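I have placed the structure first, in the form of structure tokens, so that the comments after it can refer back to it.
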Amino acid sequence: MGITINQKRYRMIAAAAVTLALLALVLVGCERGATSTGEIRRFELITRSDTLNIGDRVTFEGFTFNGTMPGPQMVVNEGDTVEITVINEDNVTHGLSIHAANAQTSNYVGNIAPGETRTLTFTADYPGVYMYHCAPGGHGIMAHTMGGQFGMMVVEPAERYQMEKDLGREPDLKVYLIQHEVYADGRDFFDGKALYVMFNGETFRYVREPIPARPGDFVRFYYLNVGPNLTSTFHAVGGIWDHIYYGGNPNNLMHGTQSVISGPTDSWVIDWVVPDSGPFTLVSHAFGTQAIKGAIGVLDSREDAPRVGEIRSEGRDTPPVDDPKRFVSPFGLGSDTLDVPVRFRSGDRTLIQMVGNSYYPKRAEVPVGTTVTWINEDVFDMLEGELTGKHDVVVVQANGNERFRSELLDHAETFSTTFTEPGEYEYICSIHPYMRGKITVVGE
Ligand SMILES: [Cu+2]
């Protein structure tokens, strides 16, 4: 008889298990946004070579989406169909990697030739705060991302964040904040030695223009560290983050932390009620490598603060100032106080690196008769064209005639030539023509 009871019990347990499994499937389906909203959201991204203001009358030469660094902010709802068209108006190959898509985006919008337009369509299945960046392919992905081509896409969840449920209202202020680095040259990019670290495209942008809020305001940060190298620890001086959600997914909830840690491309939604009046300094707490180089902002809390609703993550769309006090060009020739000419004496070993799609040093002065050697330190020497880390040296005269051209160098290969005539020798890489260097040959 015991067998019958056990069989009955087994059937009940099995039925309960099946019911639970079905319920779990329904819940997982809901969480993953399996339900389409039926909305189609269209965006256009134009890739360019560009010059920008990056704060304090410093200008930056690199690549952009739609003329700003960071590029356009895109906000959609979970379950939306997203259609992104990439138009390459530049004379070099670009592309797009969009982390909000659970798809191999390089099949659709990787490797877009100059003049070409391509479109990607996907469903925004996972809520959160996502990075997008240029992705021509191979070595070019890293170089173009460092060069300024990145931005934020937010997928708003179908289900509300816990803090909204607790407070019974939406945020008073949404702050979309991208932390990112600027490098003087490819050598520093390889070594992770950022020249500046900034929020939304400018050093100390929100120190100069503090973000207004009121005591008791419900503020939400959509925080994204695009890097490309450094790990940030985002903190408000005088505040403790109430609710934080890793990646911006409402399921990844934690409470009451002094900071959020973000490696390159990590993100958070941070829900916080402003506890007091007075300025709250927003900072990456990596003081020496980040905060002191520009990754500081201010949230200015006052009773009479204006209601601005949101702070967007795009860089400012203004023409570059006419009289910059510094010109930063990671791939080309920046100010000579930054890309300082290195003077070699007679008999010195004269070695110039090709690294991170730049020459290093970019400017060199040598006595006549010097043999100069270039070495390719870029490691990713697979693929071709913009996608490869292969480089060469092409010296062109003012009349357009080539003085000389090296062969294309793979990783760790070298090319040497002896300069027998004084003069200025400006040179480029034939497959990355924005790479520029200069040799000044001086007489005895
Ligand atoms: Cu690009």
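Points to keep in mind about this one:
- Output for region 181-208, where each listed residue is under 20 Å from residue 152 (Cα atoms) and part of a helix (DSSP H, G or I): 205, 206
- The residue that is nearest to the chain's Cα centre (by Cα), counting only those in region 252-285 that are outside any strand (DSSP E or B) and under 19 Å from residue 167 (Cβ atoms), is 274.
Residue-wise test of (1) under 25 Å from residue 78 (Cβ atoms); (2) of a type in the set (Val, Ile, Thr); (3) crowded, with 21+ Cβ neighbours inside 10 Å; (4) modelled with pLDDT of 95 or more.
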| residue | (1), (2), (3), (4) |
| --- | --- |
| 242 | yes, no, no, yes |
| 252 | yes, no, no, yes |
| 270 | yes, yes, yes, yes |
| 274 | no, yes, yes, yes |
| 278 | no, no, no, no |
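- Residue count, region 61-86 (criterion: hydrophobic (A, V, I, L, M, F, W, C) and more than 13 Å from the ligand (Cβ to nearest atom)): 5
- Flag if residue 114 is over 27 Å from residue 194 (Cα atoms) and within 16 Å of the ligand (Cβ to nearest atom): yes
- The strands (runs of 3 or more DSSP E) found wholly in region 326-444 and carrying at least 1 residues that are farther than 25 Å from residue 63 by Cα, away from the ligand (no atom under 16 Å from the Cβ) and of a type in the set (D, E, K, R) occupy 363-367, 402-405, 423-428.
- Restricting region 98-117 to residues that are under 14 Å from residue 82 (Cβ atoms) and surrounded by 20 or more Cβ atoms within 10 Å (Cβ to Cβ) leaves a set whose member that is modelled with the lowest pLDDT is 105.
- Residue in region 373-392 that is modelled with pLDDT of 95 or more, among the hydroxyl-bearing types (Ser, Thr, Tyr) and surrounded by fewer than 15 Cβ atoms within 10 Å (Cβ to Cβ) present: yes
- Filtered by the rule that a residue be under 17 Å from residue 63 (Cβ atoms) and either of a type in the set (Asp, Glu) or away from the ligand (no atom under 12 Å from the Cβ) (or both), region 87-111 gives 87, 89, 90, 98.
- Residues (closer than 19 Å to residue 443 by Cα and loosely packed, with under 12 Cβ neighbours inside 10 Å) located in region 398-423: 418, 420, 421
- Test: residue in region 118-138 that is at pLDDT 95 or above, more than 16 Å from the ligand (Cβ to nearest atom), of a type in the set (Ser, Thr, Tyr) and within 18 Å of residue 70 (Cβ to Cβ): yes
The values are calculated or read from the model by the stated rules, or taken from the named source; none is laboratory data. These figures come from a predicted structure and were not determined experimentally. FYI the Cβ positions are ideal-geometry reconstructions off the backbone, even for glycines, and counts take in every protein chain you see.
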